[in-house]
Amino acid sequence: MANQGFFSTVWPASTPEDSDSLRRRKLAVRAGHLAMTVMIVVSVGSAVAADPANFDAANLLLLSVCGVGYALWNLIGTRGLVALVLWEGSAPPPVEGREPRGGVWLYFSVQIALAGLVYWLSDHGHIPNLVWLVLLPPVAYAAFLLEWRGVAFVSLLMIGFLALNAYRWQGLPYATFASVAFSFAVLFTLVFSLLAVHSERSRNQVQQLASELEAANQRLREYAVAAEELAVTRERNRIAREIHDSLGHYLTVVNMQIEAARVLELSEPNRSRDALAKAQAFTQEGLQDIRRSLAALRASPLDNKPLADALRELVSADQGAGLPTAFELQGTPRRLASPAELSLFRAVQEGLTNARKHARAEHVQVTLAFREGGKTAVTVQDDGIGAAPANANGGFGLLGLRERAQLLGGTVQVETQANAGFRLKMEVPG
């Protein structure tokens, strides 16, 4: 509203895009401006009509000019009030937008001067009259634009104008009576003006809070989508790790048993059949592990067994596959959180799988160490061909182990040199 023209401020037109609430407020603004203008015209006109003999042509011309100027000045002053009433932004109107151009007290100086002049020229002591109504607009405007001291000053000034004029025409007793009566009119004007201003400011605050709430809800929806995408990504990574660590281990063992069976098929049929039987057993165990994973997506090969026992079985399986593997337990065993135990188990699986597939090792050592200070570690070390340090950290399996350790606040270390073996260590809190 601050940048609109005078007529658009005085007589805001409704548009098809307006809400019902905005349309009603625009109607109230138009009705208020019309009522104020009619009040000034009727009050001054009734004073002239009641005693036309006291108004010559010069007085009528001066009164007409002052009355029109007063009505226009009041309409100019409603610019800030209209801005407040019609505001529909996401924040309340700026403070400077609620003040008349040129400053508050400059505006009130002109308004009070015009109100006093119109009242002084119109009231010639005729009883009754309505011309005292022209003193009320400055009181109403003060309730909106000024602090309580300013409101009190303007109200007392208007009462003083009326008392002085009444004393001029009727004497002290009537001036006292008129001042008391007019004080009640001022009081009612202040009360209803303050209620209207408070209501509009509360409406704007509610609208601002609603806009902020909608913005916050939009941000929450965006965060929820991002969190959902992150959760899906993490779950995909977890499933990928499970498939690699579980299925990859079993397929590697089965493949080695089948290769052994093919080699021994003619020379040692009994050992060949044993190798095939072991391959079949590992295949069934792998299928069961996959079924458990698909059923719960949290399948654990530990099956409520202590971690040390599960690792012994894992080492025993590798020994049966033809890879000499030893297991060592250090410290006093204790139960860990399920994610920690599963991660340590998968680390041993990954280390044994790498030893079988790549190391060409003659011996593998698996160590489970329960350390003081709340740390538990597993180590898989072989005496195979090792790898160059630049190639030691590659592979999806090691990447999955690092992701597991990071989620638990643990670490994964790889130590290797060409022709110097391979050492994999995972340490987690617990």
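Quick look at the values:
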| quantity | calculated |
| --- | --- |
| Pair list, Cβ < 8 Å and 6+ apart or interchain, from the range 272-293 residues that are of a type in the set (S, T, Y) to residues that are buried (at least 16 other Cβ atoms within 10 Å of the Cβ) and at pLDDT below 75 | T283/Y250; S293/E242; S293/S246; S293/A299 |
| Filtered residues of the range 311-340 (kept if more than 14 Å from L352 (Cα to Cα) and in contact with a Ser or Thr (Cβ under 9 Å, 6 or more places away or on another chain)) | E328, L329, Q330, G331, R334, L336, S338, A340 |
| Residues of the range 40-72 satisfying the condition of being of a type in the set (S, T, Y) and either touching a strand residue (DSSP E or B) at 6+ places or on another chain (Cβ under 8 Å) or more than 23 Å from P138 (Cα to Cα) (or both) | none |
| Cβ-Cβ under 7 Å pairs, at least 6 apart or on other chains, the range 20-47 side touching a residue at least 60 places away in the same chain (Cβ under 8 Å) and within 27 Å of G116 (Cβ to Cβ), far side surrounded by 12 or more Cβ atoms within 10 Å (Cβ to Cβ) and hydroxyl-bearing (S, T, Y) | I40/Y70; V44/S122; A47/S122 |
| The lone exception for A83 - which of (1) surrounded by 13 or more Cβ atoms within 10 Å (Cβ to Cβ); (2) at pLDDT 75 or above it fails | (2) |
| Subset of the range 324-334 that is surrounded by 14 or more Cβ atoms within 10 Å (Cβ to Cβ) and not hydroxyl-bearing (S, T, Y) - its residue that is nearest to R346 (Cα to Cα) | F327 |
| Residue pairs meeting the criteria (Cβ under 7 Å; at least 6 apart or on separate chains; first closer than 15 Å to A347 by Cα, in the range 305-323; second at pLDDT below 80 and aliphatic (A, V, I, L, M)) | A310/L302 |
| Subset of the range 51-64 [among the aliphatic types (A, V, I, L, M) and surrounded by 12 or more Cβ atoms within 10 Å (Cβ to Cβ)] | L60, L62, L63 |
| Unmet requirement for G373, which otherwise passes all of (1) within 20 Å of Q413 (Cβ to Cβ); (2) over 45 Å from the mean Cα position of the chain (by Cα); (3) among the small types (G, A, S) | (2) |
| Scope the range 418-430; condition over 15 Å from F370 (Cα atoms) and either among the basic types (K, R) or surrounded by 14 or more Cβ atoms within 10 Å (Cβ to Cβ) (or both); matching residues | G421, F422, R423, L424 |
| Hits in the range 251-277 (condition: closer than 17 Å to T353 by Cα and either of a type outside the set (A, V, I, L, M) or exposed (fewer than 14 other Cβ atoms within 10 Å of the Cβ) (or both)) | T252, N255, Q257, E259 |
| Residue list for the range 385-398, restricted to those being crowded, with 16+ Cβ neighbours inside 10 Å, in a helix (DSSP H, G or I) and either among the aliphatic types (A, V, I, L, M) or modelled with pLDDT of 85 or more (or both) | L398 |
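The values are calculated or read from the model by the stated rules, or taken from the named source; none is laboratory data. No experiment lies behind these values; they were computed from the predicted model shown. Here the Cβ is made from the backbone with ideal geometry for all residues, glycine too, and neighbour counts use every protein chain on show.
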